[in-house]
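A short worksheet on the structure shown next.
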Amino acid sequence: MTNNPKTLSVKQNMVWNMVGSAIGLACQWAISIIVVRLATDMESAGLYSLAVSVYGIFSPIANFGMYTYLITDIDGKNTVGEYLSLVSFTSLCALVVTMCYAAATCRPNALLVIGSYALYKGIAVVIDIMHAADQKAHRMDYIGISLAAQGILSLCSFTLIFYFSHDLVASILAMAVTTLAVGILYDLPKTKGLFPLKYGIRKHDAIALLSSCSLIVVASIATGAFASLPRQVLSGIMGDSMLGIYASVATPVAIIQVGSTYIYNPLIGYFAESFHAGDSERFKKLVRTTVIGIIAIGILALLGATALGKPALWLLYGETVAQHVDLLFPLIISSLLLGVASFLSNLLVAVRALRIMVVGSVIALVISAVCSTPLIAMFGMNGATYALVLSCASSILISCEGVFLQLRKQLASRTPDSTQS
């Protein structure tokens, strides 16, 4: 780190992360609403949702697990510049793989939309590595400001272009340009003030880092696939318009999953520190606090849906979407489970139980692949949610067992009390 002694407290970091992430999420949510409101039919909403889902499968290739790995890299084996150099390459690889997959599995009219969205998200992934460095330096105020700026500028640029042109590709590319501007003009100078940034990485170091993160990538791809596969099956069986309706109802529910990241993301470094220090009591306390917080968000969402579900959907999207309020409650449960599963995956990275993470995510993917088609055939759009619930439940059970095993095997054996007894 450079000579910058100022750091923020845990509470301050959590607040900055929460505010910035909430603004960014609200803006992304608003974009999904604008697509529905300004488009002449539901096809644009369906294509936008498809682009999000397809890129979600391969986004782990872009970040290659380096965000969490950088934060939990207590020994500092690689420089921030090396992480940035490598993630720029992996982001380009993710774009190529996404387009190959889209060409093989999606309709031709979706390819440009998916490609432009993949470019937009790839730029954001590179910026995220700078955010990981900021978090490691306990300066998440930089992250909060950047996420807020990205969200607001993306919303404004998308709305302006889509309003006048109704061109989904041009609107997404406008978001890519504004996001790149935030990264160059704000994030880069701020991160340079914390760490010396020397770009480039030697071949040996790149291979070593990629090897260390490869299991994270495999698990993340499987996780993204089991989460998005039911939507792709839904699109294939019922069409883009039905997927557009489903995605519109699911978008506000995603606040549960994203809200869970507000709780655990600022604590990832502390999980790693307590694990490596052998402080099992602190580790368990952090786990309990995080899980209770995520469940509390889910309970509040269920209460809100009970009181305001259909009126809220009607106000946001109109009568066509509001008629499908029956999708809401299962989606809330699935989003809650996704939040828990995502937290446990990050926890397994912190304790370096990467093989267990791979096993859990692959089994969940198999369940999703096997169950999606019959459940959608039986229950319609809700069938996609039921497939996701089953997949998440299996991932959570395996992850919990993995964390407990790792604690008994590594943490408990390092505590002073256990060695004395």
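The values are calculated or read from the model by the stated rules, or taken from the named source; none is laboratory data. Since we're looking at a predicted model, the values are computed, not measured. Neighbour counts run over all protein chains shown; Cβ positions are idealised from the backbone, glycine included. SASA here: full protein model, heavy atoms, side chains in, ligands and nucleic acids out. Shrake-Rupley method; radii C 1.70, N 1.55, O 1.52, S 1.80 Å.
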Answer from 348, 354 - the residue that is under 17 Å from the mean Cα position of the chain (by Cα), aliphatic (A, V, I, L, M) and open to solvent by less than 30 Å² (accessible area, probe 1.4 Å): 348
Which listed residue, of 370, 340, 389, is of a type in the set (A, V, I, L, M, F, W, C), at pLDDT 90 or above, open to solvent by 10 Å² or more (accessible area, probe 1.4 Å) and closer than 30 Å to residue 276 by Cα: 340
Breaking point among (1) among the hydrophobic types (A, V, I, L, M, F, W, C); (2) open to solvent by 20 Å² or more (accessible area, probe 1.4 Å); (3) in contact with a helix residue (DSSP H, G or I) (Cβ under 6 Å, 6 or more places away or on another chain), for residue 255: (3)
Filter result for the condition that a residue is open to solvent by 50 Å² or more (accessible area, probe 1.4 Å) and hydroxyl-bearing (Ser, Thr, Tyr), over 146, 88: 88
First in segment 153-172 and free of Cβ contacts under 8 Å to residues at least 12 places away in the same chain, second anywhere and open to solvent by 60 Å² or more (accessible area, probe 1.4 Å) and not in a helix (DSSP H, G or I), Cβ under 8 Å, 6 or more apart: none
Lone qualifier among 364, 369, 322 - being farther than 30 Å from residue 408 by Cβ and touching a Phe, Trp or Tyr at 6+ places or on another chain (Cβ under 7 Å): 322
Selected residue (only one of 241, 248, 235 is surrounded by fewer than 19 Cβ atoms within 10 Å (Cβ to Cβ), closer than 19 Å to residue 384 by Cα and of a type in the set (Ser, Thr, Tyr)): 241
Residue tally, condition part of a helix (DSSP H, G or I) and either among the aliphatic types (A, V, I, L, M) or modelled with pLDDT under 90 (or both), over segment 103-118: 11
Qualifying positions in segment 119-143 - open to solvent by 20 Å² or more (accessible area, probe 1.4 Å) and assigned to a loop (DSSP other than H, G, I, E, B): 138
Segment 149-165, subset surrounded by fewer than 20 Cβ atoms within 10 Å (Cβ to Cβ), over 30 Å from residue 80 (Cβ atoms) and touching a helix residue (DSSP H, G or I) at 6+ places or on another chain (Cβ under 7 Å), residue modelled with the lowest pLDDT: 163
Filter result for the condition that a residue is over 26 Å from residue 22 (Cα atoms) and out of contact with any helix residue (DSSP H, G or I) (no Cβ under 6 Å at 6 or more places or on another chain), over 236, 200: 236
Residue within segment 305-319 that is touching a residue at least 40 places away in the same chain (Cβ under 8 Å), surrounded by fewer than 24 Cβ atoms within 10 Å (Cβ to Cβ), out of contact with any strand residue (DSSP E or B) (no Cβ under 6 Å at 6 or more places or on another chain) and of a type in the set (Asp, Glu) present: no
Residue check, residue 290 open to solvent by less than 10 Å² (accessible area, probe 1.4 Å) and not hydrophobic (A, V, I, L, M, F, W, C): yes
Which numbered condition residue 104 misses (of (1) among the small types (Gly, Ala, Ser); (2) open to solvent by 40 Å² or more (accessible area, probe 1.4 Å); (3) touching a helix residue (DSSP H, G or I) at 6+ places or on another chain (Cβ under 9 Å)): (3)
Single residue of segment 24-70 satisfying the filter (among the small types (Gly, Ala, Ser) and not in a helix (DSSP H, G or I)) that is farthest from residue 208 (Cα to Cα): 39
Which listed residue is of a type in the set (A, V, I, L, M), buried (at least 18 other Cβ atoms within 10 Å of the Cβ) and modelled with pLDDT of 85 or more, from 225, 181, 219: 219
The one condition in (1) under 22 Å from residue 71 (Cα atoms); (2) open to solvent by 30 Å² or more (accessible area, probe 1.4 Å); (3) modelled with pLDDT of 85 or more that residue 24 fails to fulfil: (2)
Residue in segment 183-190 that is in a helix (DSSP H, G or I), of a type outside the set (Lys, Arg) and within 30 Å of residue 44 (Cα to Cα) present: yes
Failed criterion for residue 207 (all others in (1) modelled with pLDDT of 85 or more; (2) crowded, with 18+ Cβ neighbours inside 10 Å; (3) among the aliphatic types (A, V, I, L, M) hold): (2)
